[in-house]
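These notes concern the structure reproduced below.
Each value in this text was obtained by applying a stated rule to the coordinates, not by laboratory testing. It should be emphasised that the depicted structure is a prediction, and the values quoted were computed from it without experimental measurement. Backbone-built Cβ (ideal geometry, glycine too); neighbour counts: all protein chains shown.
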Amino acid sequence: MFRTLLLAACLASPAALAQNHHDHGGHMAKTTAQPAPKEPGQSAFAAIQEVVAILEADPATDWSKVNIEALRAHLIDMSNVTLAAQVNAEPIEGGMRFSVTGVGPVMESIRRMTLAHAATMNDVDGWRFEASPIEGGAVLTVRPPKADLDKLRGLGFMGVMARGMHHQAHHLAIARGGHPH
């Protein structure tokens, strides 16, 4: 097998080899059209990368106000709430009550995310949100229009938190140094 590979390498013309590779500082790089990876490997990194690209492409970006670290902190909160929070869902008359708890930084993330989400989304599409801190986290009470009760039950806490496409604009506002809540 080794001899076959060696023979093939020897028979390949220098022009063919030069056509397929360029030397960049001692590193060989293929120039043939191959798909490049698109995913940066981690969702928070991808969100930051996307926002940075938007900011860099916008000549009106006020770099003195940009705060990518604030966006990073918010994405940590999102991760904590999504992956580490404990949720107790309780049906109530006309809606659901979600008691969301966690320990240490997760508890603080729960409070920030839940209280802000309730304030931002209250009365969107007729859904009513109330949130308040409790020991270990926060409680979120959601009352949708009667026709959406099954939807609410199906969505659960995380579906309610993810509902709507406001998060992307919210992330950009945070990165630009704003306080979107």
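For this structure, a couple of remarks:
- Here the range 99-181 is treated with +1 on each Lys and Arg Cβ and -1 on each Asp and Glu Cβ, and its dipole about the Cα centre works out to around 120 debye.
- Dmax and Rg, reported as Rg then Dmax, of the range 43-175 (C-alpha, Å): 16.1, 51
- Simple Cβ-charge dipole of the range 43-175, Lys/Arg +1 and Asp/Glu -1, about Cα centre, in debye nearest 20: 300
- Across the range 118-125, coupling constants 3J(HN,Hα) worked out from phi with the 6.51/-1.76/1.60 Karplus curve, θ = phi - 60°, read 4, 5, 6, 9, 4, 6, 6, 6 Hz, and Gly and Pro carry x.
- For the range 41-54, Karplus couplings with θ = phi - 60° (6.51, -1.76, 1.60), whole Hz, Gly/Pro x: x, 7, 5, 5, 4, 4, 5, 5, 4, 5, 5, 4, 4, 5
- Per-residue Karplus couplings for the range 61-71, computed as 6.51 cos²θ - 1.76 cosθ + 1.60 with θ equal to phi - 60°, are listed in order as 4, 8, 5, 6, 9, 4, 9, 5, 5, 5, 5 Hz, Gly and Pro entered as x.
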